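To start, the structure itself, in C-alpha coordinates.
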Amino acid sequence: MPATATLTARALLLDMDGTLVNSDAVVERYWRLWAADHGLDEASVLKVVHGRQAHATMAVLLPDRPAAQNLADNQWMLERESTDLDGVVPVPGAPAFMAALAGLPHALVTSADERLARARMDAAGLPIPEVRVTAERVGVSKPDPEGFLKGAAELGFAPGDCVVFEDSEVGIAAGRAAGMRVVGVGPRAAAHAPDAHVPDLERIRIEPRPDGTLRLHVSA
(Lines give C-alpha, C1' and ligand atoms only; values in the text may rest on other atoms or scores of the structure.)
Protein backbone atom coordinates (compact mmCIF):
# COMPACT_ATOMS: atom_id res chain seq x y z
CA MET A 1 0.00 0.00 0.00
CA PRO A 2 1.53 3.38 -0.97
CA ALA A 3 2.34 5.96 1.70
CA THR A 4 0.05 8.40 -0.08
CA ALA A 5 -2.98 7.76 -2.23
CA THR A 6 -5.66 9.70 -4.07
CA LEU A 7 -9.17 8.28 -4.44
CA THR A 8 -12.05 9.79 -6.37
CA ALA A 9 -15.64 9.27 -5.27
CA ARG A 10 -19.08 10.81 -5.52
CA ALA A 11 -20.18 9.94 -1.99
CA LEU A 12 -18.68 8.77 1.29
CA LEU A 13 -20.18 6.15 3.63
CA LEU A 14 -18.94 6.46 7.19
CA ASP A 15 -18.86 3.95 9.98
CA MET A 16 -19.09 5.53 13.45
CA ASP A 17 -17.41 3.61 16.27
CA GLY A 18 -13.65 3.50 15.77
CA THR A 19 -13.91 5.58 12.62
CA LEU A 20 -15.43 8.90 13.69
CA VAL A 21 -15.83 8.27 17.42
CA ASN A 22 -13.49 6.48 19.79
CA SER A 23 -15.90 4.56 22.02
CA ASP A 24 -13.60 1.66 22.85
CA ALA A 25 -13.66 2.41 26.59
CA VAL A 26 -17.41 2.01 26.98
CA VAL A 27 -17.75 -0.80 24.40
CA GLU A 28 -15.12 -2.87 26.13
CA ARG A 29 -16.53 -2.07 29.58
CA TYR A 30 -19.84 -3.78 28.82
CA TRP A 31 -18.37 -6.62 26.83
CA ARG A 32 -16.08 -7.46 29.76
CA LEU A 33 -19.14 -7.69 32.00
CA TRP A 34 -20.94 -9.88 29.45
CA ALA A 35 -17.92 -12.15 29.00
CA ALA A 36 -17.57 -12.63 32.77
CA ASP A 37 -21.28 -13.44 33.11
CA HIS A 38 -20.93 -16.18 30.47
CA GLY A 39 -17.60 -17.62 31.57
CA LEU A 40 -15.76 -16.48 28.44
CA ASP A 41 -12.20 -15.25 28.16
CA GLU A 42 -12.31 -11.46 28.03
CA ALA A 43 -9.35 -11.07 25.67
CA SER A 44 -10.84 -13.53 23.17
CA VAL A 45 -14.22 -11.77 23.30
CA LEU A 46 -12.73 -8.31 22.78
CA LYS A 47 -10.99 -9.48 19.60
CA VAL A 48 -14.33 -9.97 17.80
CA VAL A 49 -16.75 -7.40 19.23
CA HIS A 50 -15.96 -4.43 17.00
CA GLY A 51 -18.08 -3.71 13.93
CA ARG A 52 -21.02 -6.08 14.35
CA GLN A 53 -24.32 -5.58 16.08
CA ALA A 54 -23.99 -7.08 19.56
CA HIS A 55 -26.48 -9.91 18.97
CA ALA A 56 -24.51 -11.01 15.90
CA THR A 57 -21.28 -11.07 17.91
CA MET A 58 -22.99 -13.12 20.62
CA ALA A 59 -24.10 -15.62 17.97
CA VAL A 60 -20.46 -16.01 16.89
CA LEU A 61 -19.25 -16.47 20.47
CA LEU A 62 -22.07 -18.78 21.62
CA PRO A 63 -23.40 -20.41 18.44
CA ASP A 64 -25.83 -22.73 20.25
CA ARG A 65 -27.47 -19.97 22.30
CA PRO A 66 -31.08 -19.07 21.37
CA ALA A 67 -31.35 -15.93 19.22
CA ALA A 68 -33.97 -14.49 21.56
CA GLN A 69 -31.45 -14.42 24.41
CA ASN A 70 -28.90 -12.68 22.19
CA LEU A 71 -31.46 -10.07 21.18
CA ALA A 72 -32.40 -9.46 24.80
CA ASP A 73 -28.75 -8.98 25.79
CA ASN A 74 -28.27 -6.76 22.74
CA GLN A 75 -31.06 -4.49 23.99
CA TRP A 76 -29.57 -4.48 27.50
CA MET A 77 -26.26 -3.28 26.08
CA LEU A 78 -27.84 -0.62 23.86
CA GLU A 79 -29.79 0.87 26.73
CA ARG A 80 -26.74 1.17 28.96
CA GLU A 81 -24.31 2.34 26.30
CA SER A 82 -26.72 5.08 25.22
CA THR A 83 -26.41 6.73 28.63
CA ASP A 84 -22.87 5.71 29.60
CA LEU A 85 -20.73 8.07 27.53
CA ASP A 86 -17.68 8.16 29.79
CA GLY A 87 -14.61 8.00 27.58
CA VAL A 88 -16.41 8.69 24.28
CA VAL A 89 -14.27 11.14 22.28
CA PRO A 90 -13.81 12.04 18.60
CA VAL A 91 -11.17 10.23 16.60
CA PRO A 92 -8.34 12.73 15.94
CA GLY A 93 -9.23 14.83 12.90
CA ALA A 94 -12.92 13.87 12.98
CA PRO A 95 -14.28 17.39 13.69
CA ALA A 96 -12.44 18.92 10.72
CA PHE A 97 -13.27 15.91 8.54
CA MET A 98 -17.00 16.23 9.25
CA ALA A 99 -16.89 19.99 8.75
CA ALA A 100 -15.30 19.46 5.33
CA LEU A 101 -18.19 17.14 4.39
CA ALA A 102 -20.91 19.70 5.13
CA GLY A 103 -23.09 19.97 2.03
CA LEU A 104 -21.36 17.04 0.30
CA PRO A 105 -22.90 13.58 -0.24
CA HIS A 106 -22.22 11.38 2.77
CA ALA A 107 -24.05 8.99 5.08
CA LEU A 108 -23.52 7.29 8.41
CA VAL A 109 -23.67 3.48 8.24
CA THR A 110 -23.37 2.06 11.74
CA SER A 111 -24.17 -1.04 13.75
CA ALA A 112 -25.45 1.25 16.52
CA ASP A 113 -29.15 2.02 16.72
CA GLU A 114 -30.46 5.56 16.21
CA ARG A 115 -30.45 6.45 19.90
CA LEU A 116 -26.89 5.25 20.47
CA ALA A 117 -25.61 6.88 17.28
CA ARG A 118 -27.03 10.26 18.31
CA ALA A 119 -25.70 9.90 21.86
CA ARG A 120 -22.15 9.09 20.78
CA MET A 121 -21.95 11.66 17.99
CA ASP A 122 -23.24 14.31 20.40
CA ALA A 123 -20.78 13.23 23.11
CA ALA A 124 -17.93 13.52 20.60
CA GLY A 125 -19.16 16.94 19.44
CA LEU A 126 -19.74 15.77 15.87
CA PRO A 127 -22.66 16.63 13.57
CA ILE A 128 -24.80 13.63 12.74
CA PRO A 129 -25.29 13.12 8.99
CA GLU A 130 -28.76 13.68 7.57
CA VAL A 131 -28.65 10.26 5.88
CA ARG A 132 -28.20 7.45 8.40
CA VAL A 133 -28.42 3.68 8.15
CA THR A 134 -28.60 2.44 11.73
CA ALA A 135 -29.21 -0.99 13.21
CA GLU A 136 -33.00 -0.70 13.01
CA ARG A 137 -32.84 -0.16 9.27
CA VAL A 138 -31.08 -3.37 8.22
CA GLY A 139 -32.03 -7.01 8.45
CA VAL A 140 -28.47 -8.31 8.66
CA SER A 141 -25.40 -7.00 10.52
CA LYS A 142 -22.00 -6.29 8.98
CA PRO A 143 -20.12 -8.08 7.38
CA ASP A 144 -23.22 -8.26 5.19
CA PRO A 145 -23.13 -5.33 2.72
CA GLU A 146 -26.81 -4.40 3.19
CA GLY A 147 -26.13 -1.24 5.21
CA PHE A 148 -23.62 0.20 2.77
CA LEU A 149 -25.77 -0.64 -0.25
CA LYS A 150 -28.75 1.03 1.41
CA GLY A 151 -26.67 4.12 2.21
CA ALA A 152 -25.49 4.41 -1.39
CA ALA A 153 -29.03 4.01 -2.70
CA GLU A 154 -30.41 6.70 -0.38
CA LEU A 155 -27.71 9.10 -1.53
CA GLY A 156 -28.51 8.21 -5.15
CA PHE A 157 -25.15 6.79 -6.18
CA ALA A 158 -23.93 3.47 -7.52
CA PRO A 159 -21.79 1.38 -5.15
CA GLY A 160 -18.71 1.88 -7.31
CA ASP A 161 -19.01 5.65 -6.86
CA CYS A 162 -18.78 5.38 -3.07
CA VAL A 163 -15.85 5.14 -0.70
CA VAL A 164 -16.32 3.57 2.73
CA PHE A 165 -14.48 4.66 5.88
CA GLU A 166 -14.19 1.77 8.35
CA ASP A 167 -12.09 0.56 11.27
CA SER A 168 -13.08 -3.10 11.75
CA GLU A 169 -12.51 -6.38 9.95
CA VAL A 170 -16.24 -6.99 9.45
CA GLY A 171 -16.84 -3.42 8.32
CA ILE A 172 -14.08 -3.57 5.74
CA ALA A 173 -15.46 -6.91 4.53
CA ALA A 174 -18.94 -5.36 4.25
CA GLY A 175 -17.67 -2.42 2.22
CA ARG A 176 -15.74 -4.69 -0.07
CA ALA A 177 -18.75 -7.01 -0.50
CA ALA A 178 -20.80 -3.95 -1.49
CA GLY A 179 -18.38 -3.31 -4.36
CA MET A 180 -16.93 -0.19 -2.77
CA ARG A 181 -13.42 0.99 -2.07
CA VAL A 182 -12.46 1.20 1.57
CA VAL A 183 -10.30 3.58 3.58
CA GLY A 184 -9.28 1.85 6.79
CA VAL A 185 -9.03 4.06 9.86
CA GLY A 186 -6.99 3.23 12.96
CA PRO A 187 -4.97 0.25 14.14
CA ARG A 188 -7.66 -2.43 13.75
CA ALA A 189 -8.05 -1.67 10.05
CA ALA A 190 -4.41 -2.03 9.08
CA ALA A 191 -4.41 -5.84 9.11
CA HIS A 192 -7.33 -6.21 6.71
CA ALA A 193 -5.99 -4.81 3.45
CA PRO A 194 -8.18 -1.74 2.86
CA ASP A 195 -7.57 0.19 -0.35
CA ALA A 196 -5.87 2.88 1.74
CA HIS A 197 -5.12 3.16 5.45
CA VAL A 198 -4.71 6.07 7.85
CA PRO A 199 -4.00 6.07 11.60
CA ASP A 200 -6.69 8.72 12.09
CA LEU A 201 -8.71 11.31 10.16
CA GLU A 202 -6.04 13.99 10.37
CA ARG A 203 -4.46 12.26 7.37
CA ILE A 204 -7.43 12.86 5.03
CA ARG A 205 -8.02 15.94 2.87
CA ILE A 206 -11.25 16.27 0.89
CA GLU A 207 -11.20 18.24 -2.34
CA PRO A 208 -14.60 18.86 -4.02
CA ARG A 209 -14.21 19.02 -7.79
CA PRO A 210 -16.21 21.10 -10.30
CA ASP A 211 -17.66 17.93 -11.86
CA GLY A 212 -19.25 16.95 -8.54
CA THR A 213 -16.68 14.32 -7.60
CA LEU A 214 -14.72 14.27 -4.37
CA ARG A 215 -10.99 13.80 -4.47
CA LEU A 216 -9.66 12.19 -1.31
CA HIS A 217 -6.03 12.82 -0.51
CA VAL A 218 -4.84 10.13 1.89
CA SER A 219 -1.52 10.40 3.69
CA ALA A 220 -0.48 7.27 5.57
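Some points to look at:
- Cα gyration tensor, segment 140-220 - rounded (a/c under 1.5), prolate or oblate: oblate
- GNM result for the chain, Cα springs below 10 Å: residue of Leu46, Leu12, Leu149 fluctuating most strongly: Leu46
- Shape of segment 98-141, Cα gyration tensor, a/c cut at 1.5: oblate
- The value obtained for segment 1-54, namely the Cα convex hull volume divided by the number of residues, is 118 Å³ per residue.
- Between Gly171, Gly184, Gly160, the residue with the greatest mean-square fluctuation in the GNM of the chain (Cα pairs under 10 Å linked by springs) is Gly160.
- Model label zone, Asp86; criterion: amide N under 20 Å from point 7 Å along Cα-to-beta-carbon; scope segment 5-34: 22-34
- FRET efficiency for Leu40 and Glu114, using Cβ-Cβ distance with R0 set to 25 Å, rounded to 0.05: 0.30
- Where labels lie 7 Å past Cα in the beta-carbon direction, separation of Glu202 and Leu71 in nm: 4.5
- Rounded to the nearest 500, the helix-only mean residue ellipticity at 222 nm of the chain stands at -10500 deg cm²/dmol, with each DSSP H run of n ≥ 4 adding -39,500 (n - 2.57).
- Put a dot 7 Å past the Cα of Ala5, heading toward its Cβ, do the same for Arg209, and the two dots end up 1.7 nm apart.
- Average accessible surface area per residue within the chain, 1.4 Å rolling probe, Å²: 43
- For segment 1-106, the share of accessible area belonging to carbon and sulfur comes to 55 percent (1.4 Å probe, ligands and nucleic acids excluded).
- Annotation: amide H-H contacts under 5 Å for His106 (H modelled 1.01 Å from N, sequence separation of 5 or more, or interchain): Leu12.
- Gyration tensor (alpha-carbon) shape descriptor, segment 26-122, a/c threshold 1.5: prolate
The values are calculated or read from the model by the stated rules, or taken from the named source; none is laboratory data. Bear in mind the structure is a predicted one, so any value in this text is a computation, not a measurement. Please note: Cβ atoms are built from the backbone with ideal geometry, for glycine as well, and neighbour counts cover all protein chains shown. Just so you know, the surface numbers come from the protein's heavy atoms only, side chains and all, with ligands and any DNA or RNA stripped out. Shrake-Rupley method; radii C 1.70, N 1.55, O 1.52, S 1.80 Å.
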